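A short write-up of the structure that comes next.
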Amino acid sequence: MTTPSSTYRLQLHPGFTFADATAVVDHLAALGVSHVYLSPSLRSAPGSTHGYDVVDPTELDPELGGDDGFAELAKAADHAGLGLVLDIVPNHVGLLSPANPWFWDLLKHGPDSRFARHLDIDWERRGDGPPQLVVPQLGRELEEEIADGADLRLAHVDEGDEATDGYRVVYHEHAWPVRPGSLAAIGLDEEDPEATVAAVAGDRGRLFSLLLQQHYRLVHWRRANEELNYRRFFDITTLGGLRVEDPEVFDDAHRRVL
C-alpha cells in the first residue's frame, strides 16, 4: 500500500464502467497522478448513477463490470504505476430494498437476524407485537392505504432467489418481506400462496392484522422526522450507516475490499 500524493477521481456508472476506466489509465498516468480515486464500486441499487447507495458490500457492482472488469482495471493501473483508492461508503448504504440482502433479512427476522447489529436501531414494541423498525414509505396513513385497498397488498414471489423469494407486502415499487410464521398466526396457510394471497386481498382487516405481526411498521413518509428509529444518512430515509465500530460489522463490511 502506498500513500497517495495526487489523485484523479473517476465517477463510475453503467455508462462509464471499469472497462472505460481501464481505457484511460495511460492518460491518467501521463498527467502525473499517483492514484486513481474510484467512486463507490461495490454493488449498489440497480441502475444507480453514482454508487453512493451500496446494497451489498460483499460484491463488486456487476453493472460496472464485476470482478473481471475490476481485475483488468487493477492490472492496467499497476502496470502504469498507479494505485487505486476505493470509496466504500459504509456511512450511507442503500436500505428499504430487496436488493440489500442484509436489510431484507433484518426486516424478515428482526432482532434475531444475523444483521440486526449492523445498523443502529432502537427497536420499538407495541402491545404483544414483535419488535419493529419504522419504515416511512407510505404516501398516506396506513389506515387510509388499507381502507383504499388499491396499492398496498400481499404478494408471493418465486424468482429462484432463496433470500428474497416468498411472501412480501407490496406498495407501488416498494416491497417488504413477511415474517416467518406470521401468516399462520392469523389463520392462513403459508403452503398455499394462491389461496393465501386471495384471502388477504378479499379481507383488508386480515392485511392490517398481518402487518401488526411484522418486524417493521409502515407509516406515512411525513412521520420520519418524529418516529424514525434507525440511524439514517442526513435526512435520507433510504440510506443508513453501518456500525463499523463493531468488529463483526467491520469485518463484514470490509471482507471484499481487504
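No lab work stands behind these numbers, since they all come straight from the coordinates. Since the model is a prediction, treat every value here as computed from it, not as a measurement. Don't worry about glycine lacking a Cβ; one is built from the backbone with ideal geometry, like all the others, and counts go over all protein chains shown.
Brief remarks on what is shown
- Measuring r between the beta carbons of E191 and A147 and using R0 = 35 Å, the FRET efficiency lands at 0.75.
- Take the Cα of A201, step 7 Å toward its Cβ, do the same at D251, and the gap between the two points is 4.6 nm.
- Placing dummy labels 7 Å off each Cα toward the beta-carbon, the span from R126 to E159 is 2.9 nm.
- Total charge dipole magnitude, region 7-89, about the Cα centre, Cβ charges on Lys, Arg, Asp, Glu only, Debye to nearest 20: 280
- Charge sum, other residues only, whose C-beta stays under 10 Å from A163's C-beta, Lys/Arg counted +1 and Asp/Glu -1: -3
- Projecting the Cα positions of H174, T164, I186 onto the charge dipole of region 149-190 (unit charges on Cβ atoms of Lys, Arg, Asp and Glu, taken about the Cα centre) puts I186 furthest along the positive direction.
- Positive minus negative residues near P180 (Lys, Arg vs Asp, Glu; Cβ under 12 Å): -1
- Comparing L28, L42, L60 in a Gaussian network model of the chain where C-alpha atoms under 10 Å apart are linked, the largest mean-square fluctuation is found at L28.
- Within the chain, the longest run free of exposed loop sites, counting trypsin sites (Lys or Arg not before Pro) that sit outside DSSP helix and strand states (H, G, I, E, B) and have at most 11 other Cβ atoms within 10 Å, spans 127-254.
- For the chain, averaging the sequence separation of C-alpha pairs within contact (under 8 Å, six or more residues apart) and dividing by the residue count gives a relative contact order of 20 percent.
- Where GluC sites (Glu not before Pro) fall in DSSP loop in region 183-258, at most 15 other Cβ within 10 Å: E190, E191, E245
- Folded to 0 to 90 degrees: helix 66-79 orientation relative to the chain principal axis, Cα: 20
- For region 7-89, the Kirkwood estimate of the hydrodynamic radius, built from every pair of different alpha carbons, is 12.5 Å.
- Cα centroid separation, region 104-132 to region 24-59 (Å): 32
- The ranking of S41, S6, S48, S113 from fewest to most other beta carbons within 10 Å of each one's beta carbon is S6, S113, S48, S41.
- For region 170-179, putting each phi into the Karplus relation 6.51 cos²θ - 1.76 cosθ + 1.60 with θ = phi - 60° gives couplings of 10, 8, 6, 8, 8, 8, 9, x, 9, 4 Hz, in residue order, rounded to whole numbers and with x for Gly and Pro.
- Dipole check for the chain: with +1 at the C-beta of Lys and Arg, -1 at the C-beta of Asp and Glu, and the Cα centre as origin, the magnitude is about 760 Debye.
- Here region 101-230 is assigned +1 on the Cβ of each Lys and Arg and -1 on the Cβ of each Asp and Glu. Its dipole about the Cα centre then comes out at about 480 debye.
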